[in-house]
Amino acid sequence: INLGPERIEVGDHIIINGTVGDHSIAVLSEREELRFEQCINSDCAPLYELVEKLKPHWENLKFMRDPTRGGLAAVLNEIVRKDWGIEIFEDKIPIREDVKGICEMLGIDPITMANEGKMVIFVEGDRVEETLKTLHMHPLGRDASIIGKVTDQIKGRVVERTVAGTTRII
């Protein structure tokens with residue numbers, strides 16, 4: 001099955017298999033010799049076994065990509081189309097509290113940061129819960145979350161609904 005962006009449709013949901021920002025903060029802290037109370041480790045991991053676990057859901061998966069360069073924001077902006085948009089929800093994006101705090105302190109948006117051991121998955125809307133359950137059964141998917149959806153209410157953009165109830169263009 002081709003898991004290309006051309007398969008994405010309005011109504012599809014977006015899952016990420018775990019927390020974002022860990023790898024970038026780990027690399028940044030080592031490179032710049034920053035010392036934080038908490039030690040942040042890279043989340044670099046091979047995803048083959050996790051992808052294998054998703055095989056029973058293959059027909060329901062539309063697209064998968066790793067959010068390495070440019071992070072989650074880059075992946076979503078690379079695939080958005082003029083006839084549909086993407087809406088993500090700030091409170092659904094899994095970010096470790098210590099990573100969130102460091103990002104706030106440094107003025108960095110965690111969804112723009114490189115990740116390792118992560119994948120963004122677009123799933124058919126009515127099949128998303130069973131896919132999420134499968135991800136949760138694997139250690140690399142235990143923090144998986146439905147973070148957004150494909151919508152025709154926003155076209156050609158990626159928009160984030162914030163916890164304050166506002167929206168921002170990503």
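What to note about this one:
- Each label point was placed 7 Å from the Cα along the Cα-to-Cβ direction; for Thr151 and Glu9 their separation is 2.0 nm.
- Exposed loop sites were defined as GluC sites (Glu not before Pro) in DSSP loop states (anything but H, G, I, E or B) carrying at most 12 other C-beta atoms within 10 Å; in the chain the longest segment without such a site runs 38-170.
- Relative contact order %, the chain, counting alpha carbon pairs below 8 Å whose residues are six or more apart: 41
- Longest DSSP-loop-exposure-free segment, trypsin sites (Lys or Arg not before Pro), the chain, at most 10 other Cβ within 10 Å: 83-170
- With both residues required to sit in the chain, DSSP beta bridges show an antiparallel share near 85%.
- Order of exposure, largest accessible area first, which applies to Ser42, Ser145 with probe 1.4 Å: Ser42, Ser145
- Between amide H atoms placed 1.01 Å from N, distances below 5 Å from Val158 occur with Ile86, Ile170, all of them 5 or more places distant or on a separate chain.
- Label-to-label distance, nm, for residues given as His136 and Glu59 (7 Å Cα→Cβ offset): 2.4
- Karplus-derived 3J(HN,Hα) values for the stretch 41-48, using 6.51 cos²θ - 1.76 cosθ + 1.60 with θ = phi - 60°, are 9, 5, 9, 4, 7, x, 9, 3 Hz; glycine and proline are entered as x.
- Judged by the gyration tensor of its Cα atoms, with axes a ≥ b ≥ c, the chain is oblate; a/c meets the 1.5 cut and b/c is at least as large as a/b.
- Built amide H within the under 5 Å cut-off of Lys62, gap 5+: Phe122, Val123, Glu124
- Global form of the stretch 88-170, assessed from the alpha-carbon gyration tensor, a/c cut-off 1.5: oblate
- If you plug the beta carbon distance of Asn41 and Asp109 into 1/(1 + (r/R0)^6) with R0 = 22 Å, you get a FRET efficiency near 0.60.
The values are calculated or read from the model by the stated rules, or taken from the named source; none is laboratory data. Remember, it's a predicted structure, so these values are computed and weren't measured experimentally. As a convention, Cβ positions derive from the backbone with ideal geometry for all residues, glycine included, and neighbour counts pool all protein chains shown. Side chains included, ligands, DNA and RNA excluded: accessible areas come from the protein's heavy atoms. Shrake-Rupley method; radii C 1.70, N 1.55, O 1.52, S 1.80 Å.
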